[in-house]
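The values are calculated or read from the model by the stated rules, or taken from the named source; none is laboratory data. From a predicted model like this one, the values you see are computed outputs, not experimental measurements. Glycine also receives a Cβ, built like all others from the backbone with ideal geometry; neighbour counts cover every protein chain displayed.
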Amino acid sequence: MSLPDDEQLGWLEDFLLQHMEADQCLPLDAAHGYLTAVVSGPRMIMPSEWLPRVLGKVEFADMEETSRITETLMGLYNGIIEELEEGSYEPIVLTLEENRSGRPQPLPYGWCEGYLVGWKTHGEQVLDTMLEDEEAAGLLAPVVAFLMYEEDQLMDPPDPEGHRQTAMELGPSAVGLYRWWLPRREMPVGNA
């Protein structure tokens with residue numbers, strides 16, 4: 001399964017946005033965060049479990065659209081695993097191009113929300129397990145930091161440079177949590 005290129009990701013992003021409100025699809029940044037946590041945790045979560053969370057109640061136009069969407073999402077899923085394994089992972093984060101500092105400002109809120117929802121897919125206790133461990137809690141801290149903003153701070157953070165720095169920690173944090181869980185994973189079904 002090949003990784004989605006920029007054109008495929010753009011098409012997927014448009015599709016998810018078009019179906020976000022009516023069908024409760026996740027937008028691409030949230031879906032990327034969600035899938036990152038899904039592949040990182042203690043158990044293997046099958047596509048039959050995560051696809052409905054990403055796609056909501058969408059009804060496809062035809063088999064071609066069904067195939068195109070599911071293949072692109074599977075490519076994204078596999079690409080996330082590959083990037084986490086290599087340590088080259090970068091979250092898909094929206095950017096506000098014009099802000100008061102004149103520098104692009106990351107808007108990682110969708111990715112962060114999707115990421116936390118993905119962890120909950122492994123079970124409520126999984127977040128508790130990470131928060132009880134000093135290393136894992138430290139890795140989770142940048143994600144949680146973005147969910148502490150007041151509504152009026154989302155587009156205008158009080159510390160724009162600190163905001164940018166924390167956003168840059170999301171990729172390494174995701175790699176770190178993926179690696180933290182590796183020795184703690186459940187054995188896949190069927191293996192002894």
**Message:** Here's a check for you: in segment 53-72, which residue that is surrounded by 15 or more Cβ atoms within 10 Å (Cβ to Cβ) and either closer than 16 Å to residue 117 by Cβ or of a type in the set (Lys, Arg) (or both) is farthest from the chain's Cα centre (by Cα)?
**Reply:** 68
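Quickly run through segment 86-121 and pick out the residues that are assigned to a helix (DSSP H, G or I) and free of Cβ contacts under 8 Å to residues at least 24 places away in the same chain.
Of everything in segment 86-121, those that are assigned to a helix (DSSP H, G or I) and free of Cβ contacts under 8 Å to residues at least 24 places away in the same chain turn out to be 86, 120.
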**Request:** State all residues of segment 1-36 that are under 17 Å from the mean Cα position of the chain (by Cα) and part of a loop (DSSP other than H, G, I, E, B); if no residue qualifies, say none.
**Result:** 3, 4, 24, 25, 26, 27
**Message:** Condition first: within 15 Å of the chain's Cα centre (by Cα), in a loop (DSSP other than H, G, I, E, B) and within 12 Å of residue 181 (Cα to Cα). Now tell me which residues in segment 37-52 satisfy that.
**Reply:** 41
**Asked** What residue, of 117, 38, 58, 54, is in contact with a helix residue (DSSP H, G or I) (Cβ under 7 Å, 6 or more places away or on another chain), modelled with pLDDT of 95 or more and under 18 Å from residue 13 (Cβ atoms)?
**Response** 54
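Is segment 1-12 home to any residue that is more than 21 Å from residue 118 (Cβ to Cβ), out of contact with any helix residue (DSSP H, G or I) (no Cβ under 7 Å at 6 or more places or on another chain) and of a type in the set (A, V, I, L, M, F, W, C)?
Let us first name the residues in segment 1-12 that are more than 21 Å from residue 118 (Cβ to Cβ), namely 2, 5-8, 10-11.
Checking the rest, the ones that are also out of contact with any helix residue (DSSP H, G or I) (no Cβ under 7 Å at 6 or more places or on another chain) come to 5-7, 10-11.
Applying the additional criterion that residues be of a type in the set (A, V, I, L, M, F, W, C) yields 11.
Yes; the residues of segment 1-12 include at least one that is more than 21 Å from residue 118 (Cβ to Cβ), out of contact with any helix residue (DSSP H, G or I) (no Cβ under 7 Å at 6 or more places or on another chain) and of a type in the set (A, V, I, L, M, F, W, C).
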